[in-house]
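Below is one structure; the comments refer to it alone.
All of the numbers you see were taken from the coordinates with simple rules; none came from a lab. What you are looking at is a predicted structure, and each value in this text was computed from that prediction instead of being measured. Cβ placement follows ideal geometry from the backbone for every residue including glycine, while neighbour counts extend to all protein chains displayed.
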Amino acid sequence: MAVNERHQLTKLLREWKSGKEEALDTLTKLVHKELTRIARGYLARERHMHSWQPTMLVNEAFLHLVDCQQLDWQDRAHFFRLAAKIMREIIVDYARKKRSSKHGGGLEVMQIDDAKTAPGKPANPVDLIVLNMALDKLEAIDARKAQIVEMRFFAGLSIKEIAQTLELAESTVHLDLRLARVWLFRAILTGKTDEF
C-alpha cells in the first residue's frame, strides 16, 4: 500500500467514525484487496475450512469491523491488526463449532513453525483452539509479539509486510517472532505462561 493510500486510509477511518457513511464505501474499496490477501493467508493454512473462499472470510470480518465504527481508530496499522484478529476469531469459532458438532472430534491442526511451510510437510501440529488460547495469554503479556504471530502465522504476511504494517524494523519483527514462538511452544507444551 502506497504512502498516500496509508494516509488516506487513516483519514477515511476517522471520517467514518465521525459519521460520514460515504467514507465507509471508499474505505471498503481501498482495503478489500489487502483484506482478501490476508484472508487467503488464513485459509491456506486451515484445511478444515476448505469450503470457504477468501471473499467469504472478508465479508464476515467486515460485518464485525462495521460494528467497530466508534472505535478510536489510530491509523491503518490499527485497522489491519483488528481485521486480522477478527479473522482469527472467526476461524477459531468455526473450529470450535466443527469440533463440537463431531462430539469432541479430531484436532484442528495449525502449523506454528512457518507460514510458508510447504503443503504435505507438517512442521509442529498444534490444536488450533489450544494455540488460540496460548496466543490470548501472550497478548496479555506482550500485545505486539502476539500481533506479529497473528499476522505471520494466521494471516501469512511476510516479515517485511508486518514491519511496514506495524511500522517496525524488520530485525525487531524477526526478534519478536522468535521470542514469541519459543514462548508459545513452552506455553502449549508445558502450560507455563509466565513472562519472557
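Extending 7 Å from the Cα toward the beta-carbon at both S171 and K11 defines two label points whose distance is 3.5 nm. Projected label points at K98 and Q74, each 7 Å from Cα along the beta carbon direction, are separated by 3.3 nanometres. Taking 0.36 nm per residue of separation and subtracting the current Cα-Cα distance, fully stretching the chain between E89 and H64 would add 7.9 nm.
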